[in-house]
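Asks: Have a look at the structure that comes next, please.
The values are calculated or read from the model by the stated rules, or taken from the named source; none is laboratory data. On a predicted model such as this, the values are computed, not experimentally measured, just so you know. Cβ atoms come from the backbone with ideal geometry, glycine included; neighbour counts cover every protein chain shown. Accessible surface areas use protein heavy atoms only, side chains included; no ligands, DNA or RNA. Shrake-Rupley method; radii C 1.70, N 1.55, O 1.52, S 1.80 Å.
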Amino acid sequence: MASVWKRLQRVGKHASKFQFVASYQELMVECTKKWQPDKLVVVWTRRSRRKSSKAHSWQPGIKNPYRGVVVWPVPENIEITVTLFKDPHAEEFEDKEWTFVIEN
């Protein structure tokens, strides 16, 4: 029933495809005594869609061993194609929220 409702909401709207690119270069993570990561992955997600970076090692800092960095020697680009909808009487496209999650 949810897919029918989505289609009804899009009636009369113009669909446009956009391609977004996220470029991962460096990630700083601060941890606690109880938990420090081993390998970290950046995940770009929306509902059931999910794009992940490759796993990279977390390197603790010298000054603060609970604050570390993940560095991509060559920036990693992740691409996503998104369909955005626009009402013909509106100036802007409808919002679509995507989330970046850091996973161990």
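Asks: Select from PRO88, PRO75, PRO37 the residue whose mean-square fluctuation is largest in a Gaussian network model of the chain (Cα-Cα springs shorter than 10 Å).
Replies: Among PRO88, PRO75, PRO37, the largest mean-square fluctuation in the Gaussian network model of the chain belongs to PRO88.
Asks: Follow-up. Scanning the chain for GluC sites (Glu not before Pro) in DSSP loops with at most 13 other Cβ atoms within 10 Å, what's the longest stretch left with none?
Replies: The longest such stretch corresponds to 1-90.
Asks: Number of Lys pairs in the chain with C-alpha atoms less than 12 angstrom apart, excluding same-chain neighbours closer than eight positions? Each step should come with its number before you reach the end.
Replies: On the way: LYS13/LYS86; LYS17/LYS86; LYS39/LYS54; LYS86/LYS96.
Close lysine pairs under the 12 Å cut-off: 4.
Asks: Now a separate question. Below 8 Å, C-alpha to C-alpha, sequence gap of six or more: please give me the relative contact order for the chain in percent. Could you put the intermediate results ahead of the total?
Replies: Working: 168 pairs, mean separation 40.4, N = 104.
The value is 39 percent.
Asks: Quick one: what are the phi-derived ³J(HN,Hα) couplings along the range 14-28, Karplus 6.51/-1.76/1.60 with θ = phi - 60°, whole Hz, x for glycine and proline?
Replies: Result, ordered by residue: 8, 9, 9, 9, 10, 10, 10, 10, 10, 10, 8, 10, 8, 9, 9 Hz.
Asks: Counting other Cβ atoms within 10 Å, keep those with at most 12, restrict to DSSP loop, and tell me which chymotrypsin sites (Phe, Trp or Tyr not before Pro) in the chain are left.
Replies: Working: sites: TRP5, PHE18, PHE20, TYR24, TRP35, TRP44, TRP58, TYR66, PHE85, PHE93, TRP98, PHE100; in loops: TRP35, TRP58, TYR66, PHE93, TRP98.
Qualifying residues, ordered by number: TRP35.
Asks: Also: Could you look at the chain and say what percent of its accessible area is carbon and sulfur, using a 1.4 Å probe and all protein chains? The partial results should precede the final answer.
Replies: Values: 4280 of 8180 Å².
Its accessible area is 52 percent carbon and sulfur atoms.
Asks: Mind checking Rg over Rh on the range 1-98, alpha carbons, Kirkwood formula for Rh?
Replies: 1.16
Asks: Also, quick follow-up: Counting only the heavy atoms of the protein chains, how much of ARG67 is accessible to a 1.4 Å probe, in Å² to the nearest 10?
Replies: 110 Å²
Asks: How much mean residue ellipticity at 222 nm does the chain get from its helices, if each DSSP H run of length 4 or more adds -39500 (n - 2.57) and you divide by all residues, to the nearest 500 deg cm²/dmol?
Replies: Numbers: 1 runs with 8 residues, N = 104.
Here the helix-only value at 222 nm equals -2000 deg cm²/dmol.
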